[in-house]
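What follows is a short report on a single structure.
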Amino acid sequence: MTTEQDSNQPEQTVVAREDKKASRAKLGLEPKMLELLVCPLTHGRLMLDVEKSELISAKAKLAYPVRGGIPIMLPSEAREMDEDELAAYPS
């Protein structure tokens with residue numbers, strides 16, 4: 001696969017973007033949908049954890065599951081996160 005890159009951007013940045021895109025695709029999530037989704041409790045932004053197939057709300061301390069490419073945005077379905085887990089995500 002060939003990619004054009006801006007002379008101001010290092011190759012590593014381009015690869016990181018491609019990896020993010022591949023990760024979202026692996027879960028079946030469209031980038032535009034991820035931009036529009038917010039936590040139903042805090043209305044704050046969500047972060048994607050591809051390894052765990054979850055959308056993370058650091059403010060609510062909840063991890064919403066993604067099943068079959070569909071984010072389950074119900075607080076009753078979300079997993080509570082402890083402080084150690086949350087340290088990996090900016091709030």
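We did not get these values from a lab; they are worked out from the coordinates using the rules stated. Please read these numbers as outputs of a predicted model, since none were measured by experiment. Please note: Cβ atoms are built from the backbone with ideal geometry, for glycine as well, and neighbour counts cover all protein chains shown.
Points to keep in mind about this one:
- For segment 29-86, the share of alpha carbon pairs falling in successive 5 Å distance bins from zero is 4, 21, 35, 27, 11, 2 percent.
- Dipole check for segment 29-86: with +1 at the C-beta of Lys and Arg, -1 at the C-beta of Asp and Glu, and the Cα centre as origin, the magnitude is about 280 Debye.
- Peptides 84-90, 57-63, ordered by how many other C-beta atoms sit within 10 Å of their residues on average, highest first, read 57-63, 84-90.
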